[in-house]
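Reading through the structure tokens given below for one structure.
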Amino acid sequence: MTAVATETLIAIEGVGKTFPGQRALADVSFEIERGEIHALVGENGSGKSTLIKILAGFHEPDPGSRIAVAGEELKALAPADVRRLGLRFVHQDLGLVAELSAAENVGLASGFAKRGPKVDWAGQCRRADALLARIGVEVDVELPVAELRAVERSAIAIARALDELHGEIRLLVLDEPTAALPPAEVDALFRVLREVLEQGVSILYVSHRLEEILGLADRVTVLRDGRCKGTFPIAGMDRARLAELIVGEEVEADAAQRPPSCATEERALTVRGMRGAVLDGVGFELRRGEVLGIAGLSGSGREELAAVLTGAAPGQIELVDGDGRTWSGMTPKRAKQLGLALVLANRHPDAAIGQFSIRENVSLAQLPSYVRGGRVRGAQERGAVERWIADLDIRPDDPDRLYSYLSGGNKQKVILAKWLNTSPRVFVMDDPTSGVDIGARHGIYGLVREQAATGAGFVVCSSDLEDFVGVCDRVLALVGGRVAAELSGAEITENRLLQAIVTQTGKNA
Ligand SMILES: Nc1ncnc2c1ncn2[C@@H]1O[C@H](COP(=O)(O)OP(=O)(O)OP(=O)(O)O)[C@@H](O)[C@H]1O
């Protein structure tokens with residue numbers, strides 16, 4: 001944690017934002033000090049991204065809102081003001097072009113080093129190297145960023161944001177920077193952020209991961225239903241108190257409450273010899289009613305397992321289904337015949353259709369069952385969707401709300417509802433709680449358990465260790481594309497998992 005800061009960098013006063021039919025922010029006031037890490041927290045849909053988009057000049061706030069940056073009063077921030085005043089943003093998707101190198105990505109944002117009319121590649125690489133060195137990171141700046149570790153990509157996005165070519169940088173805003181980072185890489189990111197702070201840049205940090213906020217921030221501002229519930233020092237704050245401030249009521253501790261396994265003796269699936277870009281012969285048996293976790297750092301094969309298992313990514317696999325039939329190779333069509341549903345994280349472009357409503361997205365995978373005699377049975381469809389909206393606490397609770405207007409966490413809940421609604425034999429989940437708030441997370445674990453009790457099998461691939469502790473019966477830890485360790489029942493703790501995915505390789509990510 002840093003020294004107590006004293007000077008106001010940004011004063012936000014009475015800020016509101018009303019979208020057609022939706023008030024996202026109302027009378028929000030708080031201050032960000034120079035030299036502090038200021039966390040911004042709140043439930044899904046509480047207005048965090050809207051506030052950030054106002055600071056980024058993307059949304060204009062309601063009349064009467066006031067924002068002052070370094071003493072300069074503004075009613076709204078235009079994108080040119082944002083740049084001039086030194087506010088920089090790193091969003092969850094990082095905005096990097098995966099096929100290009102770090103040197104090229106830096107050049108795309110702030111121009112390329114030139115020698116005469118030509119690009120000076122050596123000079124451009126030196127510039128990217130220097131930007132990364134300032135935050136204590138060393139990577140090969142000529143490699144395509146797709147080939148780097150997730151935390152290295154985050155570091156490049158941060159280094160690029162802090163390029164002072166166009167003036168002093170005062171505030172770095174990070175929107176859920178760790179949503180897809182495994183824990184060992186989170187520590188590496190924190191080291192980078194401390195370096196950023198050393199440069200005199202303040203940080204506004206948005207996250208649903210409470211441990212991170214407690215370990216990193218100086219102060220925290222809590223939003224609830226678009227209103228500011230206050231700004232609190234982190235010193236003296238604990239997880240339970242912070243969770244209560246966010247949700248507005250006491251939140252139960254989850255780890256101790258994991259219900260007993262519903263795994264039966266019956267096979268849901270046997271997988272053998274799974275190979276892909278990284279996967280190197282992974283196999284496992286999944287029983288009906290069992291919730292199996294797949295843990296691993298980025299580059300361990302965890303990120304591709306769900307897609308290879310369901311035929312969404314190329315790879316080799318041999319599979320024995322619940323009826324004892326053997327299958328070689330997998331395609332999305334075959335996965336469907338076998339009753340495997342791939343539940344993608346909301347950041348994935350194929351996860352849902354932005355221009356469809358909540359109702360249309362939830363019903364999409366189940367549409368044939370609502371059609372009788374060439375007509376959609378609207379009442380039945382609507383009833384099912386309304387039940388999912390209530391069960392997952394999707395906000396706003398309007399089935400006709402366009403998916404693209406939903407907050408990140410609510411998008412994730414719609415994707416889950418879409419697949420829970422289809423009752424497959426096996427759910428293959430990729431980061432199912434990405435961007436989901438602490439209250440909704442418990443709800444999701446409850447629904448997974450409910451479905452497991454009916455005999456569905458689950459393969460839960462996640463970068464978030466809480467998912468394994470909260471809901472899994474057994475966890476496979478992947479290292480270098482292979483199963484390096486297996487934990488089950490009470491053995492599944494965050495510490496043991498961390499050891500399994502990091503120390504097995506002696507890797508210090
Ligand atoms: N462009 C838009 N049009 C209409 N409503 C919107 C728009 N953008 C956001 N909203 C609504 O404003 C509210 C606040 O959303 P916002 O994305 O700011 O929440 P959030 O706190 O960032 O949530 P999450 O943690 O899920 O990312 C939500 O009800 C959302 O549906």
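The values are calculated or read from the model by the stated rules, or taken from the named source; none is laboratory data. None of the values given here were measured: they were computed from a predicted structure. Please note: Cβ atoms are built from the backbone with ideal geometry, for glycine as well, and neighbour counts cover all protein chains shown. All accessible areas refer to the heavy atoms of the entire protein, side chains included, with ligands and DNA or RNA removed. Shrake-Rupley method; radii C 1.70, N 1.55, O 1.52, S 1.80 Å.
So here's what we get for this one:
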item	result
Pick from the range 188-208, criterion free of Cβ contacts under 8 Å to residues at least 60 places away in the same chain and touching a helix residue (DSSP H, G or I) at 6+ places or on another chain (Cβ under 8 Å), ranking: farthest from the ligand (Cβ to nearest atom)	Val192
Residues (of a type outside the set (Gly, Ala, Ser), outside any strand (DSSP E or B) and open to solvent by less than 70 Å² (accessible area, probe 1.4 Å)) located in the range 69-91	Leu77, Asp81, Val82, Leu85
The range 384-434, residues that are closer than 24 Å to Ser369 by Cβ and basic (Lys, Arg)	Arg387, Arg401, Lys411, Lys413, Lys418, Arg425
Tabulated pairs, the range 40-55, first assigned by TED's automatic domain parsing to the domain that holds Val69, second within 7 Å of the ligand (Cβ to nearest atom) and among the polar types (S, T, N, Q), C-beta under 7 angstrom, 6+ apart or interchain	Asn44/Ser407; Asn44/Asn410; Gly45/Ser407; Gly45/Asn410; Ser49/Ser407
Selection within the range 17-58 - more than 8 Å from the ligand (Cβ to nearest atom), open to solvent by 10 Å² or more (accessible area, probe 1.4 Å) and in a loop (DSSP other than H, G, I, E, B)	Arg34, Gly35, Ala56, Gly57, Phe58
Options Ser328, Ser298; residue that is more than 22 Å from Ile389 (Cα to Cα) and either among the β-branched types (Val, Ile, Thr) or loosely packed, with under 14 Cβ neighbours inside 10 Å (or both)	Ser328
Residue, farthest from the ligand (Cβ to nearest atom), within the range 154-176, restricted to residues that are open to solvent by 60 Å² or more (accessible area, probe 1.4 Å) and not acidic (Asp, Glu)	Leu165
Among (1) modelled with pLDDT under 90; (2) buried (at least 23 other Cβ atoms within 10 Å of the Cβ); (3) in a loop (DSSP other than H, G, I, E, B); (4) within 16 Å of the ligand (Cβ to nearest atom), the one test that Ser463 misses	(4)
Residue in the range 124-149 that is farthest from the chain's Cα centre (by Cα), counting only those that are open to solvent by 10 Å² or more (accessible area, probe 1.4 Å) and among the small types (Gly, Ala, Ser)	Ala130
All positions within the range 92-112 that are in contact with a helix residue (DSSP H, G or I) (Cβ under 8 Å, 6 or more places away or on another chain), surrounded by fewer than 16 Cβ atoms within 10 Å (Cβ to Cβ) and of a type outside the set (A, V, I, L, M, F, W, C)	Gly95, Glu99, Ser110, Gly111
Candidates Glu164, Glu142, Glu168, Glu185 - the one that is on the phi < 0 side of the Ramachandran plot and free of Cβ contacts under 8 Å to residues at least 40 places away in the same chain	Glu164
The range 390-409, residues that are open to solvent by 60 Å² or more (accessible area, probe 1.4 Å), in a helix (DSSP H, G or I) and either within 10 Å of the ligand (Cβ to nearest atom) or in contact (Cβ under 8 Å) with a residue 24 or more places away in the chain (or both)	Asp391, Tyr405
Matching residues in the range 196-246 - criterion: being charged (D, E, K, R) and within 15 Å of Glu176 (Cα to Cα)	Arg209, Glu211, Glu212
Failed criterion for Val119 (all others in (1) open to solvent by less than 30 Å² (accessible area, probe 1.4 Å); (2) over 26 Å from the mean Cα position of the chain (by Cα) hold)	(1)
Positions within the range 301-324 being open to solvent by 10 Å² or more (accessible area, probe 1.4 Å) and under 13 Å from Val428 (Cα atoms), in sequence order	Glu303, Glu304, Ala307, Gly311, Ala312
Count of the range 410-455 residues which are within 14 Å of the ligand (Cβ to nearest atom), open to solvent by less than 20 Å² (accessible area, probe 1.4 Å) and in contact with an Asp or Glu (Cβ under 7 Å, 6 or more places away or on another chain)	4
Filter result for Leu204 (at pLDDT below 95 and open to solvent by less than 40 Å² (accessible area, probe 1.4 Å))	no
Number of the exception - Met429 against (1) assigned by TED's automatic domain parsing to the domain that holds Arg288; (2) modelled with pLDDT under 90	(2)
Single residue of the range 410-440 satisfying the filter (without any contact (Cβ under 8 Å) to a residue 60 or more places away in the chain and in a helix (DSSP H, G or I)) that is nearest to Met330 (Cα to Cα)	Leu420
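So that you can scan it fast, the table gives a plain yes or no per residue for (1) in a strand (DSSP E or B); (2) touching a Phe, Trp or Tyr at 6+ places or on another chain (Cβ under 9 Å):
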| residue | (1), (2) |
| --- | --- |
| Leu245 | no, yes |
| Cys262 | no, no |
| Glu265 | no, no |
| Leu269 | yes, yes |
| Ser298 | no, no |
| Leu319 | yes, yes |
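For every residue, the table says whether it meets (1) within 16 Å of the ligand (Cβ to nearest atom); (2) within 25 Å of Arg288 (Cα to Cα); (3) outside any loop (DSSP other than H, G, I, E, B).
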| position | (1), (2), (3) |
| --- | --- |
| Glu304 | no, yes, yes |
| Lys336 | no, yes, yes |
| Ala345 | yes, yes, no |
| Gly383 | no, no, yes |
